[in-house]
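Structure record follows, encoded as structure tokens.
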Amino acid sequence: MGCGTSSNTNVEINQPKFSVAKDYVEIEGKTSGEGVKLTKAWEATLTPSALQAKRNEFWQTFRGHNRSSCLYLRQAAEAEPSSAKLILEMGGFALENGTMAVCLSPNGHRYEIPPFILSDPVRFKDPNMPLITKKVIHESVVKLKLRTVFTVKEDEIQINNGCTAKELKDLYFNTNKDIEVNEIRLFFGGKELVDNRSLISYSIESGMVILVYKKS
């Protein structure tokens, strides 16, 4: 399961099919998504929650050559197209055909990312499924986990969620002098945090994970 990989970019990989649903089918001649996340359109009988479970299973069985590559690829796959492109550039990845369908790591490893990871199906099992009501977040002191991709490290920081992303960067810099504050890029929910926006505006709550990238 997971991504097929190879240390030689000229070697074609016969990747085992990952079972998303019994009637999973990729639609020839149709595409879905945009930018680096452009991929073949697909359909299957499953619910949004079932799709998320399958995506989690895919990444849990991901055959990556190192932790850093796995984190970069997963975060790019879960991000919006513009943020995904930025994440891949920071990780030094090249795209074989301009999309994430085939990603080449700085060490020459080749990763194939299937369509169901990069885009939603043409239709879900129940298109009339009620939308999830957005939770109202109140201002409070939160404890966040800041996880770096370029090193195996996780910091826990306590901050008021009414503070800005720039203030969170400053707190992180206070205990991490090996990176300049202007090199710090924070991502949450597939989006880069904008310096002058508050954490609460991103619906960030206590216990959540903020990803830390180093600006190249």
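Some notes on this structure:
- All positions within region 36-55 that are under 24 Å from Ile87 (Cβ atoms) and open to solvent by less than 50 Å² (accessible area, probe 1.4 Å): Val36, Lys37, Thr39, Ala41, Trp42, Leu51, Arg55
- In region 56-73, the residues that are at pLDDT 80 or above and acidic (Asp, Glu) reach residues that are surrounded by 12 or more Cβ atoms within 10 Å (Cβ to Cβ) and assigned to a loop (DSSP other than H, G, I, E, B) with C-beta atoms within less than 8 angstrom, at least six apart or across chains, in these pairs: Glu57/Met1.
- Condition met for Tyr111 (within 17 Å of Lys214 (Cα to Cα) and touching a residue at least 40 places away in the same chain (Cβ under 8 Å)): no
- In region 20-61, of all residues being polar (S, T, N, Q) and assigned to a helix (DSSP H, G or I), the one that is farthest from the chain's Cα centre (by Cα) corresponds to Ser49.
- Just one residue in the set Leu95, Leu73, Leu46 is of a type in the set (A, V, I, L, M, F, W, C) and under 21 Å from Phe188 (Cα atoms); that residue is Leu73.
- Applying the set (1) touching a helix residue (DSSP H, G or I) at 6+ places or on another chain (Cβ under 8 Å); (2) open to solvent by 10 Å² or more (accessible area, probe 1.4 Å) to Val102 leaves exactly one unmet item: (1).
- Residue tally, condition open to solvent by 60 Å² or more (accessible area, probe 1.4 Å) and closer than 22 Å to Arg74 by Cβ, over region 159-216: 5
The values are calculated or read from the model by the stated rules, or taken from the named source; none is laboratory data. All figures in this text were calculated on a predicted structure; none of them were measured in a lab. Methodologically, a virtual Cβ is constructed for each residue, glycine included, from the backbone with ideal geometry; neighbour enumeration extends over all protein chains shown. For accessibility, only protein heavy atoms count, side chains too; no ligands or nucleic acids. Shrake-Rupley method; radii C 1.70, N 1.55, O 1.52, S 1.80 Å.
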